[in-house]
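Just dropping this structure here.
The values are calculated or read from the model by the stated rules, or taken from the named source; none is laboratory data. Values in this document were obtained by computation on a predicted structure and should not be read as measured data. Ideal geometry is used to build each Cβ from the backbone, glycine not excepted, and the neighbour counts take in all protein chains shown. Remember, those area values only see protein heavy atoms, side chains included, never the ligands or the DNA or RNA. Shrake-Rupley method; radii C 1.70, N 1.55, O 1.52, S 1.80 Å.
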Amino acid sequence: MARRDPHSYADDAQLQTESFALEARIDFQTQVITGRVTLTFAAPGSGTLDLDTRDLSIASIVDAHGAALAFTVHPPEPYIGARLEVTLPATTPSITIAYQTSPDASALQWLAPAQTDGGIHPYLFSQCQAIHARSLVPVQDSPGLRQRYTAELTIPSSLRAVMAAADRGRTEVGEHAVHRFEMPQPIPPYLFAFAVGDLASRDLSPRVRVWAEPGVVERAAWEFADTEAMITAAEALFGPYDWERFDILTMPPSFPYGGMENPRLTFITPTVIAGDRSLVSVIAHELAHSWTGNLVTNANAEHFWLNEGFTMYAERRITEALEGEEMAALSAALGRRELEESIERFKDTPAMTKLRTHLEGIDPDECYSLIPYEKGYLFLTAIEAAVGRPAFVGWLRTYLDAFRFGAITTEDFIAHIERGLPGALAKVDAPAWLDGEGLPPNAITAKSSRLAAIEALGSAPPPVDNTWSATEWALYLENLPRPLPEATLEALDAQCHLTESRNYDVLVPWLTLALKSGYLAVLPRVERVVAEVGRMKYLRPLYTALAAEPATRDRGNALFDQLRAGYHPIARQMVEGVQARYRPAP
Ligand code: BES
Ligand code: ZN
């Protein structure tokens with residue numbers, strides 16, 4: 001037996017799924033998906049096959065001749081789910097599983113019409129990373145096992161389905177529509193994704209289309225207008241874009257992440273629509289994953305830094321190409337601050353601040369943080385500084401080439417860079433980065449005159465009529481000492497109208513600073529933000545600030561009780577964790 005992923009029952013010694021064909025009927029009334037999936041193996045075989053499931057009810061499993069196969073659903077493990085063990089007769093090429101999902105499927109959020117922009121139709125979307133695909137389909141749910149797929153989704157004909165796959169057409173059948181999709185490139189299961197709702201689209205270029213609810217689509221198309229330029233810049237840096245289309249689905253506000261790099265159809269939070277294109281680095285980030293993550297994939301969550309650290313590097317190279325060195329440096333500076341905060345947050349579990357982690361017994365959603373992103377980024381920039389940019393980028397191209405459509409560990413990365421850039425790892429003391437806690441002393445500090453200007457301000461008010469970007473505002477606010485006196489906060493708000501800001505990357509740092517300073521005049525605005533937005537980047541600091549202060553703790557708890565039903569399951573779990581940390585011992 002060889003299980004290579006602490007979060008999956010997939011076993012190397014068993015058959016491997018080469019592709020799956022899914023037929024799924026989506027029922028908004030019962031919030032259940034009734035599915036039939038055929039798993040086809042890389043080569044026919046026999047014996048035991050272990051699949052991942054979570055809250056699935058398995059009706060039957062048959063072989064390629066339709067003969068019933070014996071199976072056992074083992075008792076579920078927390079967050080990992082239940083092992084589905086099937087016994088395969090000799091030379092089995094494929095099996096077909098009939099099953100149903102649970103209304104609590106952790107990969108899904110079912111939205112009532114009132115939770116959508118239009119207010120008339122329901123909406124459904126999936127989010128499979130890190131280990132939620134198993135709550136949708138019984139699969140070998142490990143990123144090391146790439147699979148192609150086809151899918152046929154049966155949905156109400158008043159709605160439209162979109163999928164992170166090629167569209168193969170739609171047929172209307174009475175009150176239903178059957179929408180067909182195909183993903184011809186093999187993908188890790190965490191990139192399986194779809195959404196169903198009242199969706200409209202605008203084409204931005206021959207390979208870029210923006211999807212959103214009809215009331216949002218114009219604003220989304222305007223905000224994301226630079227996407228084709230981003231792809232062109234990324235191709236110049238990292239090689240041809242391999243996924244044909246780069247469509248964007250603008251999510252409902254409850255989407256818990258900033259973005260999710262589902263191939264061919266990136267999912268993006270609507271909070272990026274600030275009206276001035278100031279937050280589109282999230283698009284650059286998800287686009288960058290088309291190389292780092294989707295082509296070269298972490299073999300399991302213990303090597304998550306390979307996905308996100310490389311992607312932060314690639315994201316900032318795209319930003320640099322399109323907006324200049326200063327903007328990339330400002331982004332890195334803000335990332336550095338967020339890294340330091342995250343290291344502080346994990347001070348009781350410092351093993352989580354290593355790049356190479358050990359996650360046996362640990363839920364990947366529980367340990368999610370910016371550490372693999374920003375420490376990974378700083379590690380790569382340290383190597384880049386040691387060998388020079390041309391050599392580093394030359395090596396990066398060979399790395400992408402060597403591992404395309406593969407899944408790798410930190411050890412594979414080490415072996416590859418030792419060959420391509422001998423001595424580079426020793427120069428930067430790689431063990432301190434990979435297996436050491438906290439931030440090594442040789443981290444590069446980004447140089448930026450605009451950052452220096454902000455730091456020089458200290459707690460002085462911002463220059464009148466400044467032209468600060470959202471990143472500069474966030475840096476200024478993060479730099480202010482806290483708690484700040486009420487009079488200072490009042491004056492700042494009177495000058496800059498921060499409470500009125502509609503740019504969440506400015507608004508949320510401001511509200512967090514205000515809460516931490518006990519300036520409770522902002523409470524109504526805080527309540528509005530946590531009621532209208534489910535992105536964890538914003539919920540976490542606000543609920544943390546509410547919970548940390550005795551004056552607002554009860555208010556925060558009551559607020560969450562009232563709003564929790566509308567949050568995504570992952571966001572709900574995160575806020576529960578925050579509040580539990582501050583709950584007084586009984
Ligand atoms: N792949 C991640 C989102 C993710 C990570 C979902 C782990 C589930 C588990 C995505 O690419 C991401 O990093 N999103 C960031 C964007 C930001 C760094 C620009 C986010 O959501 O904040
Ligand atoms: Zn990412």
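Check P138, P156 and return the single one that is away from ligand 2 (no atom under 16 Å from the Cβ), more than 30 Å from F405 (Cβ to Cβ) and either within 25 Å of the chain's Cα centre (by Cα) or touching a residue at least 24 places away in the same chain (Cβ under 8 Å) (or both).
Details: P138 fails: more than 30 Å from F405 (Cβ to Cβ).
Every option except P156 fails the conditions.
Does F246 satisfy being surrounded by 24 or more Cβ atoms within 10 Å (Cβ to Cβ), within 11 Å of ligand 2 (Cβ to nearest atom), among the aromatic types (F, W, Y) and within 24 Å of F403 (Cβ to Cβ)? Working first, answer last.
Details: surrounded by 24 or more Cβ atoms within 10 Å (Cβ to Cβ): yes; within 11 Å of ligand 2 (Cβ to nearest atom): no; among the aromatic types (F, W, Y): yes; within 24 Å of F403 (Cβ to Cβ): yes.
For F246, the condition - surrounded by 24 or more Cβ atoms within 10 Å (Cβ to Cβ), within 11 Å of ligand 2 (Cβ to nearest atom), among the aromatic types (F, W, Y) and within 24 Å of F403 (Cβ to Cβ) - is not met.
I'd like the residue in segment 249-276 that is of a type outside the set (D, E), more than 13 Å from ligand 1 (Cβ to nearest atom) and farther than 20 Å from L563 by Cα and, out of all such residues, is surrounded by the most Cβ atoms within 10 Å (Cβ to Cβ).
L249
Looking at segment 510-535, which of its residues are hydrophobic (A, V, I, L, M, F, W, C) and open to solvent by 20 Å² or more (accessible area, probe 1.4 Å)?
The first filter runs over segment 510-535 and keeps only residues hydrophobic (A, V, I, L, M, F, W, C), leaving 510-511, 513-515, 520-523, 526, 529-531, 533.
Answer for segment 510-535, where residues must be hydrophobic (A, V, I, L, M, F, W, C) and open to solvent by 20 Å² or more (accessible area, probe 1.4 Å): L520, A521, A531.
Any idea how many residues of segment 119-129 are part of a loop (DSSP other than H, G, I, E, B), out of contact with any Asp or Glu (no Cβ under 6 Å at 6 or more places or on another chain) and surrounded by fewer than 23 Cβ atoms within 10 Å (Cβ to Cβ)? Steps first, please.
We begin by selecting, within segment 119-129, every residue part of a loop (DSSP other than H, G, I, E, B); these are 119-122, 127-129.
Going one step further and asking which of them are out of contact with any Asp or Glu (no Cβ under 6 Å at 6 or more places or on another chain), we end up with 119-120, 122, 127-129.
From what's left, surrounded by fewer than 23 Cβ atoms within 10 Å (Cβ to Cβ): 119-120, 122.
Qualifying residue count for the region: 3.
Search segment 365-417 for residues being closer than 27 Å to Q185 by Cβ and acidic (D, E), and hand back the single one that is least open to solvent (accessible area, probe 1.4 Å).
Only one residue tops the list, namely D365.
Continuing with this model, one more query. Looking at segment 103-118, is at least one residue part of a helix (DSSP H, G or I) and without any contact (Cβ under 8 Å) to a residue 24 or more places away in the chain?
As a first pass, look at segment 103-118 and keep what is part of a helix (DSSP H, G or I): 113-115.
This time we only want the ones that are without any contact (Cβ under 8 Å) to a residue 24 or more places away in the chain, so: 113-114.
For segment 103-118, residues part of a helix (DSSP H, G or I) and without any contact (Cβ under 8 Å) to a residue 24 or more places away in the chain: present.
Now for a different question. Does T96 satisfy the condition of being open to solvent by less than 40 Å² (accessible area, probe 1.4 Å), farther than 16 Å from P189 by Cβ and part of a strand (DSSP E or B)? Before you say what the answer is, go through the steps one by one.
Working: open to solvent by less than 40 Å² (accessible area, probe 1.4 Å): yes; farther than 16 Å from P189 by Cβ: yes; part of a strand (DSSP E or B): yes.
Against the criterion (open to solvent by less than 40 Å² (accessible area, probe 1.4 Å), farther than 16 Å from P189 by Cβ and part of a strand (DSSP E or B)), T96 qualifies.
Condition check: crowded, with 24+ Cβ neighbours inside 10 Å, within 13 Å of ligand 2 (Cβ to nearest atom) and closer than 20 Å to I131 by Cα. Does F304 satisfy that? Break it down into steps so the answer makes sense when it comes.
Values: crowded, with 24+ Cβ neighbours inside 10 Å: yes; within 13 Å of ligand 2 (Cβ to nearest atom): yes; closer than 20 Å to I131 by Cα: yes.
It is true that F304 is crowded, with 24+ Cβ neighbours inside 10 Å, within 13 Å of ligand 2 (Cβ to nearest atom) and closer than 20 Å to I131 by Cα.
Can you pull out the residues in segment 119-131 that are away from ligand 1 (no atom under 16 Å from the Cβ) and in contact (Cβ under 8 Å) with a residue 24 or more places away in the chain? I'd like the intermediate steps shown before the answer.
First, pick out the residues of segment 119-131 that are away from ligand 1 (no atom under 16 Å from the Cβ): 119-124.
Those that are away from ligand 1 (no atom under 16 Å from the Cβ) and in contact (Cβ under 8 Å) with a residue 24 or more places away in the chain: I120, H121, P122, Y123, L124.
Hey, could you check segment 319-331 for residues that are in contact with a Ser or Thr (Cβ under 8 Å, 6 or more places away or on another chain) and open to solvent by less than 30 Å² (accessible area, probe 1.4 Å) and say which is farthest from ligand 1 (Cβ to nearest atom)?
The selected residue is A329.
Which members of segment 542-556 meet the condition of being open to solvent by 40 Å² or more (accessible area, probe 1.4 Å) and either among the basic types (K, R) or within 18 Å of P524 (Cβ to Cβ) (or both)? Please lay out each step first, then the result.
Initial filter on segment 542-556 (open to solvent by 40 Å² or more (accessible area, probe 1.4 Å)): 549-551, 553-555.
Result: E549, A551, R553, D554, R555.
Same structure again: Looking only at segment 201-233, which residues are among the polar types (S, T, N, Q) and either in a helix (DSSP H, G or I) or within 27 Å of P156 (Cβ to Cβ) (or both)?
Narrowing segment 201-233 to residues among the polar types (S, T, N, Q): 201, 205, 227, 232.
Of everything in segment 201-233, those that are among the polar types (S, T, N, Q) and either in a helix (DSSP H, G or I) or within 27 Å of P156 (Cβ to Cβ) (or both) turn out to be S201, T227, T232.
Same structure, new question: Within 16 Å of ligand 2 (Cβ to nearest atom), modelled with pLDDT of 95 or more and out of contact with any Cys (no Cβ under 7 Å at 6 or more places or on another chain): is that true of G394 in this structure?
no
Any residue at all in segment 420-433 that is of a type outside the set (D, E), open to solvent by 80 Å² or more (accessible area, probe 1.4 Å) and modelled with pLDDT under 95?
no
Test T349 against the stated conditions and say whether it is open to solvent by less than 30 Å² (accessible area, probe 1.4 Å) and either within 16 Å of ligand 2 (Cβ to nearest atom) or farther than 23 Å from V529 by Cα (or both).
It is false that T349 is open to solvent by less than 30 Å² (accessible area, probe 1.4 Å) and either within 16 Å of ligand 2 (Cβ to nearest atom) or farther than 23 Å from V529 by Cα (or both).
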